[in-house]
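Engineer: Take this structure, written in structure tokens, and hold onto it; I'll ask about it next.
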Amino acid sequence: MKEFERKRTAKKILYSKFTIFILAVILGLLLKGMFSIYLKVRESENNLDFVQAKFSELEDRQQNLNEKILNIQSDIGREEQIRNKFSLAKEGEKAIFIVGEEEQAPKEQEKSFLGSFWFKATSWFSG
């Protein structure tokens, strides 16, 4: 009989509103923690994609720069760079410079009465 009463008391305590409330609060805290961890994992995956893309871009850039360095270290590449930068020619060669056509200055337009009035009016305020 005493054992039956103990079980009854244990069930009464276990199924009480207070115990269920405490368990619900603990469950809510666990779910909140899981959700924040989920958000951090998604952010980390996005950052990983960004970093991998940046890394591959930098690897391509490094390869391109290494090719340019190798090109400049050779005599032909060095000569090509000097010719491009300073517009030089070898002995016996002639350098040709293409000069654009001269632009003619636009003729000064005759000022109309309204244009001259507007100029005088704005000159008062521009001080």
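Engineer: Quick one: in segment 91-124, which of the residues that are of a type in the set (Phe, Trp, Tyr), outside any loop (DSSP other than H, G, I, E, B) and modelled with pLDDT of 70 or more is farthest from Ile69 (Cα to Cα)?
Structural biologist: Phe117
Engineer: Count, please, the residues in segment 34-67 that happen to be of a type in the set (Asp, Glu), more than 15 Å from the chain's Cα centre (by Cα) and within 30 Å of Arg78 (Cα to Cα).
Structural biologist: Qualifying residue count, segment 34-67: 3.
Engineer: Of the conditions (1) part of a helix (DSSP H, G or I); (2) at pLDDT below 80; (3) surrounded by 10 or more Cβ atoms within 10 Å (Cβ to Cβ), Leu88 fails just one. Which one is it?
Structural biologist: Just one mismatch for Leu88, condition (1).
Engineer: For Asn71, are the conditions met, namely being in contact with a helix residue (DSSP H, G or I) (Cβ under 8 Å, 6 or more places away or on another chain), of a type outside the set (Val, Ile, Thr), surrounded by 10 or more Cβ atoms within 10 Å (Cβ to Cβ) and modelled with pLDDT of 75 or more?
Structural biologist: The answer is yes for Asn71.
Engineer: Let me ask another. Sort out which residues of segment 11-28 are hydroxyl-bearing (Ser, Thr, Tyr), in a helix (DSSP H, G or I) and loosely packed, with under 10 Cβ neighbours inside 10 Å, and write them in order of number.
Structural biologist: None - no residue of segment 11-28 is hydroxyl-bearing (Ser, Thr, Tyr), in a helix (DSSP H, G or I) and loosely packed, with under 10 Cβ neighbours inside 10 Å, so the list stays empty.
The values are calculated or read from the model by the stated rules, or taken from the named source; none is laboratory data. Here the structure is a predicted model, which means the values were calculated and not measured. Every residue, glycine as well, gets a Cβ built from its backbone with ideal geometry; the counts of neighbours run over all protein chains shown.
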